[in-house]
Each structure stands twice: as C-alpha cells, then as structure tokens.
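Notes follow the structure.
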Amino acid sequence: MKKDNFLRGAFIATLCIIITKILGVLYVIPFYSIIGSKGSVIYGAAYNIYAIFLNLSTIGLPLAISKMVSEYHTLEYEYTKRKAYHLAGKIMIVSSIITTIILILFAPVLAKYIINFYDYTPISNPLGISLFALGNVMDGAYLIREIALVIRVSASAILFVTLISMIRGYLQGMKYIQASSISQVLEQFVRVVVILIGSYLCMNILHTGLGIAVGVAVFGATAGAIFALFYLSRKKKSLHEVEVEEKKEEKKITTKYLFKKIIYYTIPLIVMELVSTSFQLVDMFTVVKTLTNVGNFSLNDASVIMNILTTLGPKLNVIIMAVASGMVVSLLPSLTSDYVEGNIEEVKRKINKSLLIVLFITIPMAVGLSFLAKPVWTVFYGESYFGPKVFMVSIFVAVFASFYTNVIVIIQSLSRYKTMYIALLTGFLFNASLNIPFMVLFHHLGLTMYYGNLVATMIGYTITILICLIDIKRTLKISYRETIKHFFFIIVAIAIMLLVLLGLRQVLPMTGYGRMGSLLITLLYALVGALTYFGVTYVTKTFEQALGTNLLKSIFRKKRS
C-alpha cells in the first residue's frame, strides 16, 4: 500500500462513499418488491434499532482513533500510537459486546416499544405506508415476534462492524485512504447481494416465511462486515509493522492519560452526531402538527411530507453529502499531522482547498438534482405528488450540511472544542426556534408552507458554519479571499449550466416517462450539465484551483515497482 496525499485521499474516499450510498438507495427498489409492504415494515423497524445501537457501540471512536494515530505517528511516537489504538479498540470491543447482549436479551421489549411508538406517532416507512395502527395491518403479537427475531439477527453484525471501524480509523490516521474506502464498497456490495439473493430465495424458492426472509436480509450486514474485515486485515498486515521500543519521552504517556485523551477526542464527535440527529427530531415533533393545525393539511399528507423530509429526501441527499464524508476521511488526519508539526501555512492551504472543493462539487450537484427533481424522484421512488416538490428544495440542505460537516472537522483538527460546542448549540437553537415561525410565515405569505421548515434548517447550519469560520480566521489569521473569488466563478458556471439545461428542456421534455425513461433522461441531462459546468470552470481556472491539473493522473497512475 502507498500513502495517499490529502487531495487524492479525499477524491478516492468521496468516490467510494458515493458508490456505497447509491448501492444503498438502489437495492431498496427490488428488495421491497420481494418482501412486500409487511416485510418492509419489519425490516425498517428492526434495522433502525440496529443502526441506533451500532452508533452507540462505536460512539465516534473511529475518527478519534484516526486523529490519535495521525498525531502520534507525526511525532514518531510509534509505541504510543499502537498503545492508543489498542486501548481505543478494547473500549470499542467491550461496548460492542455489551450492545450485542442488550439487543439479544431485550429484542422483544424493543420490538414492543416500536409498535407502541408507531401506533401513536404519524410516521411512514420508506414506502409511504402509514404506521398509525400496525395492529390493524398485522397481528400485534406476530409483529413483535418477527421484529424481535430480526433485531437479534442484526446484533450479529455489531462486533464485526466495530472491528472494521477500528482498522479503518487506524489506516486513515496513517493516510492509507484507498484501502479503507474500497472496503466500504466491498462491504456494501456483499450486503446488497446477500439481501437481494437471500430474500428472493427465502420467499420464492424455499418459502421459509416472511420473518426468516427479512432475517436473512438483515444478516447481509454481518456478511458484508466479515468480508470487509478479511480484506482490511490483510491490508493492515501488508504494512509489515515491526515491534518498536518505547522512547524515553513516551514513558510519560500513561494508559490513564491515553484513556482520558480518547474520551476527550470522542465527546465532540458524539455532540456533533447528537446535534445533527436533533435537527431531524425537531422536524419529527413540529412538521406534522404545524401542517395540520395551521396549514389545514390532512394528517395523511402531512405524514407523507414529513417522511420525505426526514427519510426519503435524506436518502438522496447522502449522495451529495458523500463529498463531505470523503473530505473528513482525508482531512482530519492530514490537518492533524500538519498542525502537530506546526506547519500553519499548509494548514491554511488545506482548509481553503477543502472549503472550495465542497463548494465546487456540492452546489452544482444540488442545483442539477433540484432541476431534475421530477425524473430523479421517479427513478428512485416512483410517481409522487409531494416528493419532487419537497425534494427540489430539500436537496439544498445537503449543501449546508456538507459545509457544516467540513468546518466542524476543521475545528476539531485544531482542537477548538469550545468554539465547536458553542457553534453547534447556537445553530441547533436557531433551527429549533425558527422552525414553526418560518412555516407559519411562509403560510401567511402564500408560499409553500413546508419550505419554511427547510429554510429554518439551512439557517441553523449557516449560523454554525459562520461561527466556526470566524474562529478559524481569528486563530490562524487565514484569508478566504481566493475561495470567495472562485465561489463567484462557480455561481457563474452554474447559471450558464442552467441556461443550457433550460434550452435542452425545450427540445427534450423531462416529464411523462416511466422509471426507465426517467433514468435515461436524468443521465442525459446530467451529462450535458456536467460537461457545461466543468467546461466553464476550466476556462475560469476554478477547476484547476479546486482539483488541480494532475488529479486524474494521480488517481489513476500505475503503481511503480
């Protein structure tokens, strides 16, 4: 393996995350047609519980491992680096074992809680099926039993996923981004294959029943994790790391100190995750009531809109947010390394580079997807009245969320935790306090009411972003002038791209097609839009400033012997 520089690492990580997310969205279409609406209810309920407990078992530790490994490797404290890695790994393994035991023992209790929650909460699953009174859809006792079974099956994945996260954090900290990123694609691919083939065989060949079919599908997460773990273990062994002696200055770094440092690095990541989740919780507790009480929406329509805002829309938004996720994987260890070395000029350069890359890629993607909202929605979810209307605006939340993630990681790399806490809390409070007022305001102004919710969310993200950028400027005396200049060129390129797409729409309409026709239209418009945008940005030198002229050569270069 060869270490990846910041830009190459960010590109590889982003590309792999985008592939992973697309696979995660596309498999839903054939899978739900195999297991039907009842199976989708069981799968969705059980998998959501699994996802929550998986997050609890890792609690931000993979990124903390990445940062500590990068820090001590830069200082050439190899003994301490491995000691910190093994200590963090032990914490993760213990938490994953506890989580697994809880899921297995308390699966029926969790299943019953889910049923009771859905019975009194206007939430829809990804297919738009109302979950108001599941007892009317299926027998309650049967549903609890089947969900509990699937939860227990899902528990088998937690330990393996935790081990993967440990190794990924280590490799990312050492700047081996490619192996870590490829493992994500392999994991998702195996998971999707097991889900589709396993559920099909159970339902149509073996006729095992719905519960077993969904259980086999959930086991796909375990199968994918085992495959990725095997791949990553071999990659880590290929580093051929030898035993090292503990340096004199390292003897002062005790296990107790490392434990405290792991917690110190992990807490900000937990806070960021909690605040990000809270943005969606605000929507869950306010959107339906406001739409029905103020906007006179029916309960069914309000529930569908909320499902689009909190579930269906975000599933597509992650394609854009993959840019930020890929940036995080490469940026955190790279900035940490430069900051520890005291290379402030390189830190400044990489901060501006990361900000520009996020703007350069996410804004045109969001504008393009908004323009193609109708065919894109049809491809992934079929015909819908509210879907494209909500999605054409909600997709821009992904731009703000991506920029937000990027600046938070920069703040973490600089260890500006106090600023981070203030920024996150302030942004969240703005979002929570403005959500209902903006929806009411939009209603009285005759605007689409639920857009007020999206504007409030974007304002919340903006407040957090501005606080972080101002603090970074004061701390590093950094200038954003070049980034702002190229941001203007990005807007010009997007405007030209839109004019070209509007002209194309006069010749080739975007609506009136089925799923396959919509897919072809989307691909054609995307190709024309991308060529136009990259052509204009190439002329204005923004492409070179953001990605560099040698990027593609760097990505696809042959390995030297």
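What follows is calculated from the coordinates using simple rules that are stated; it is not laboratory data. If you're wondering where the values come from, they're calculated on a predicted model, not measured in any experiment. No Cβ is skipped: glycine too gets one built from the backbone with ideal geometry, and neighbour counts run over all protein chains shown.
Quick notes on this one:
- For the range 249-359, dividing the convex hull volume of the Cα atoms by the residue count gives 143 Å³ per residue.
- With eigenvalues of the C-alpha gyration tensor scaled by 5 and rooted, the chain, Å: 36, 32, 24
- Unsatisfied cross-links (Cα-Cα over 24 Å) in the set K38/K112; K83/K473; K81/K175; K247/K418; K348/K418; K175/K251: K83/K473; K247/K418; K175/K251
- Net charge over other residues, Cβ less than 9 angstrom from the Cβ of G215 (K, R count +1; D, E count -1): 0
- Equivalent-ellipsoid semi-axes for the range 418-561 (Cα gyration tensor, √(5λ), whole Å, largest first): 33, 30, 15.
- Table column - 3J(HN,Hα) (Hz), the range 21-36, Karplus curve with 6.51, -1.76, 1.60, x for Gly and Pro: 5, 5, 4, x, 8, 5, 5, 4, 4, x, 5, 5, 6, 6, 8, x
- Amide H to amide H distances under 5 Å link V244 with no residue, where only residues 5 or more positions off or on other chains count and H is placed in the peptide plane.
- Potential extension, S33-L499 segment - 0.36 nm per residue separation minus Cα distance: 163.9 nm
- Span from the the range 429-497 Cα centroid across to the the range 271-335 one, whole angstrom: 16 Å
- Across the range 335-431, C-alpha contacts under 8 Å between residues 6 or more apart give a mean separation that, scaled by the residue count, equals a relative contact order of 31 percent.
- Computed log₁₀ I(q)/I(0) - Debye formula, equal Cα scatterers, no solvent, the range 1-104, q 0.10, 0.19 Å⁻¹: -0.49, -1.10
- 19 Å Cα-Cα reach of K252 towards aspartates and glutamates, excluding residues that sit fewer than 8 places from it in its own chain: E71, E76, E78
- Nonlocal amide H pairs with S415, under 5 Å, H built at 1.01 Å: none
- Applied to the range 405-412, the Karplus parametrisation 6.51 cos²θ - 1.76 cosθ + 1.60 on θ = phi - 60° returns per-residue 3J(HN,Hα) values of 4, 5, 5, 5, 5, 4, 4, 5 Hz, with x for Gly and Pro.
- The reciprocal of the average 1/r between distinct C-alpha atoms defines the Kirkwood hydrodynamic radius, which for the range 141-222 equals 14.1 Å.
- In the range 400-466, Cα pairs under 8 Å separated by at least six residues give a relative contact order of 42 percent.
- Pairs of Cα atoms nearer than 8 Å and 6+ residues apart set the relative contact order; for the chain it is 18 percent.
- Cβ crowding within 10 Å ranks V440, V287 as V440, V287, fewest other Cβ atoms first.
- Computed lengthening from L274 to L23, 0.36 nm per intervening residue step minus Cα-Cα distance: 87.8 nm
- Helical contribution to [θ] at 222 nm, DSSP H n ≥ 4, -39,500 (n - 2.57), averaged over the chain, rounded to 500: -28500 deg cm²/dmol
- Here the Debye sum runs over all C-alpha atoms of the range 284-337 as equal scatterers in vacuum, and log10 of I(q)/I(0) at q = 0.20 Å⁻¹ comes out as -0.71.
- Neighbour-limited loop hits for GluC sites (Glu not before Pro), the range 227-286 (at most 12 other Cβ within 10 Å; DSSP other than H, G, I, E, B): E241, E243, E245
- Excluding same-chain neighbours fewer than eight residues apart, the aspartates and glutamates reachable from K485 by a Cα-Cα span under 15 Å are E544.
- Computed over the range 241-300, Kirkwood Rh from alpha-carbon pairs, angstrom: 16.2 Å
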